[in-house]
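Here is the structure we will look at.
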Amino acid sequence: MLIGASARAESVNLNCTNGSDEVIGHVTFDEKAGTAGYSADVNNVPVSPAKFTDVEITWTMNSSYDGKLLSYALDRTTGTLSFKPSNWRFTCTVAKAKF
């Protein structure tokens, strides 16, 4: 499982990549608050109301690029983040301090 039960009580930050080592996006979610969000800017991740299940976190928000409404789905088992209506798929892992 991507996130353990103890981590569900607070905000979780993820780094997302598109198959390379380069981080291209960030997800923040807080199951207790019922919110999740995505942004290319780690210092400014907006959040929206989210639905949490054991296998998936879903939410909708406007794209920071063109303002269009996007639907996000984060698979809690694989760490795969997908966007609809596009076919974008990113792999996300827990963000950790390196030093």
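The values are calculated or read from the model by the stated rules, or taken from the named source; none is laboratory data. Every value quoted in this text rests on a predicted model; they were computed, and no experiment measured them. Cβ: placed from backbone, ideal geometry, glycine included. Neighbour counts: every protein chain shown.
Does Thr78 satisfy the condition of being over 17 Å from Asn13 (Cβ atoms), assigned to a loop (DSSP other than H, G, I, E, B), among the polar types (S, T, N, Q) and modelled with pLDDT of 95 or more? Judged against the criteria, Thr78 is a match. The test for being hydroxyl-bearing (Ser, Thr, Tyr), loosely packed, with under 14 Cβ neighbours inside 10 Å, in a loop (DSSP other than H, G, I, E, B) and in contact (Cβ under 8 Å) with a residue 40 or more places away in the chain does not hold for Thr93. Restricting attention to segment 28-43, the residues that are surrounded by 14 or more Cβ atoms within 10 Å (Cβ to Cβ) and more than 15 Å from Thr17 (Cα to Cα) add up to 7. Looking across segment 61-75 at every residue that is surrounded by 11 or more Cβ atoms within 10 Å (Cβ to Cβ) and outside any strand (DSSP E or B), the one that is modelled with the lowest pLDDT is identified as Ser64. For segment 67-80, the criterion of being out of contact with any Ser or Thr (no Cβ under 7 Å at 6 or more places or on another chain) and hydroxyl-bearing (Ser, Thr, Tyr) is met by at least one residue. Restricting attention to segment 49-60, the residues that are touching a Phe, Trp or Tyr at 6+ places or on another chain (Cβ under 7 Å) and either at pLDDT below 95 or closer than 16 Å to Thr91 by Cα (or both) total 2.
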